[in-house]
Amino acid sequence: MSGLHLPGLGNLPAGALRDLTEALHELYRDAGTPGLRKIAAAVNEDDRFRDTVSHQKVSAMLHGDGAPKWSKLEPVVLLLAQWSTPRRDPREEAKRFKHLWDTVSADEAGEAADKPPDRRVSGRLRSAFILGGVTGETTFPDFEPAELDHFCQRLGATVARAGADLIICSPFPDSADFHALRGYVESGTGHTIHMHRPQHQTVDNQYAQLREVIGPEATARIKNWYYPAPEKDDRESMLQAWVLCQLMAMEHADVILAVGGKPGGTAATILHLAEARAQLVVPFAFLGGAAGRAYARRDWEAIYPRLDARLLNKKSGAEDAMVIAEQMAMSRVRLWHGLQGRPRTAFISRARPDSAYARALDSYLSGVGMSVVFGERDLPTDRTVESAIDDAVLQSDLFIALWSRSYAASRYCYDELHLALHRHRAGALRLWIINLDGSDIVPLEARKMPQLVARTPEDIVSVVRDLLMDEFDV
């Protein structure tokens, strides 16, 4: 790779931000297109600078992803000026970039004043199951229910703002589920609430009351999943019925957000089973209990070195729950293949109705120096479609499947994915599955692989860029 390329006008239109990004690219090229980690390390090791910067942030600057803080941009400009050939005056460059940065900041401030605040982000996971309960292990156990309720309400709002579905089990007001639902609904955003519950008169009556409390608009967003009633009307039978609901809720979730839970209760069983199945679990440990033990079982620094696991010990971590979950999911996608070295040729597998996503991805990957292959593009006249696709997959070292409902209905897409899965099993191919519409993955082997969600062409470029950037500094 010969460094990052300036984004095209389609990804970064003309304006103040493009002017700033073009100037930074000019400086970056004159400095010899140094590695992003090298730039970040030089800033962080220099005592002159009052702020630090990550290699991801340097990449975001060069991609024009909004105006960075001046305290982060200034040291990057000063170092690149020092490294430039011929050498530029760092102080003059800082003045020039400060003027460009001020213009961008003024434009963004003006746009913000004209728009209502929007806290929703485009998430990369489809759904989150919230599992919570008191533990009796804290210094003040009488306050645990209130702490749990407040935390789960904020957790529900966080899931909604990430654009993910919420998965819960209980309609009872004294449950963590109810408070997660309340936070999800009151956030003003989000999608569907999936409630996995047993068919039982007591539960049905409670759900009817819940509908009256939250109102028809919120009720319309709830999808009920029904499971068998307990065999007897005793505590043990009812407990087993709820365990079944939680197990099925776990099966439908991309991530489990856990807080507290009795160490010998159902939460502990669910978390152990989820870990055995390699499901994503984000355990908040400040209440102790089952989630606290799930946190303690994992060497976070070794498994997720880029993750600030300290947030999992803090009540304030609720707002970062989906960011943490996405970071864990991204790490799994990167590590799933076990291959070394940068991919050079990417095969983009997509259904024709999803061509806009593929074009955006093609533009980005070509811009960073990768060869991009589509099975049916530039077909030789003496070859069948099937054989040409097979050869294209065999020549690639990265296969990106753009899964969607249209993809699931395409025989050609299935054939491409089947061959890619075979090469992936043989350790010869990276395979990334990106879900465009949140639909369920159908092939069983592909269903077991980690996946990410990208609902717009811009989102898909962002996902792939982050996957490549963290692994290869692209």
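The values are calculated or read from the model by the stated rules, or taken from the named source; none is laboratory data. Everything numeric here is computed off the predicted structure, so don't read it as measured data. Neighbour counts run over all protein chains shown; Cβ positions are idealised from the backbone, glycine included. Each accessible area value is taken on the protein alone, full model and side chains, heavy atoms only, with ligands, DNA and RNA left out. Shrake-Rupley method; radii C 1.70, N 1.55, O 1.52, S 1.80 Å.
For this structure, a couple of remarks:
- Shape category assigned to the range 290-340 from the gyration tensor of Cα positions, a/c cut at 1.5: prolate
- Apolar share of the accessible surface for the chain: 51 percent from carbon plus sulfur atoms, 1.4 Å probe.
- Charge dipole of the chain (Cα centre as origin; +1 on each Lys and Arg Cβ, -1 on each Asp and Glu Cβ, all else neutral): 600 debye, rounded to the nearest 20.
- Nonlocal amide H pairs with Val373, under 5 Å, H built at 1.01 Å: Ala346, Phe347, Ile348
- The helix-only estimate of mean residue ellipticity at 222 nm for the chain, built from DSSP H runs of length n ≥ 4 each weighted as -39500 (n - 2.57), is -16000 deg cm²/dmol after division by the residue total.
- Surface analysis of the chain yields an accessible area of 47 Å² per residue, using protein heavy atoms and a 1.4 Å probe.
- When the alpha carbon gyration tensor of the range 21-105 is reduced to an equivalent ellipsoid, the three semi-axes, largest first, read 16, 15, 13 Å.
- Cross-link pairs Lys72/Lys314; Lys57/Lys448; Lys98/Lys314; Lys223/Lys314; Lys223/Lys262 - those with Cα-Cα distance over 30 Å: Lys57/Lys448; Lys98/Lys314; Lys223/Lys314
- In units of the compact-protein estimate 2.2 N^0.38 Å, the chain shows a Cα radius of gyration of 1.08.
- Percent of Cα pairs exceeding the 28 Å cut-off, where the set is the range 144-301: 17 percent
- Counted residue by residue at 0.36 nm each, then reduced by the alpha carbon distance between them, the extension gain from Thr202 to Thr103 reaches 29.5 nm.
- 23 Å tail of the calculated P(r), the range 214-351, as % of Cα pairs: 50 percent
- Put simply, the convex hull of the Cα atoms in the range 20-69 casts, on average, a shadow of 3.5 nm².
- 5 angstrom amide H check on His196, placed H, neighbours 5+ away: Ile168, Cys169, Trp225
- Förster-model FRET efficiency, 60 Å R0, Asp51 and Val213, C-beta, rounded to 0.05: 0.80
- Extension gain from Glu445 to Asp89, taking 0.36 nm per residue of separation minus the Cα-Cα distance: 122.5 nm
- Total formal charge among the other residues, if their Cβ is under 9 angstrom from that of Leu280, Lys/Arg +1 and Asp/Glu -1: 0
- Modelled spin-label separation between Ala408 and Thr345, with each label point placed 7 Å from Cα along the Cα-to-Cβ direction: 3.2 nm.
- Backbone N under 11 Å from the Asp233 label point (7 Å along Cα→Cβ), restricted to the range 168-209: 201-202
- Estimated FRET transfer efficiency (His252, Ser355; beta-carbon r; R0 30 Å; 0.05): 0.50
- Peptides 196-202, 40-46 ranked from most to least packed by the mean count of surrounding Cβ atoms within 10 Å: 196-202, 40-46.
- Mean separation of Cα contacts under 8 Å (6+ apart) over length of the chain, as relative contact order %: 13 percent
- Computed accessible area, Tyr226, all protein chains, 1.4 angstrom probe, square angstrom: 120 Å²
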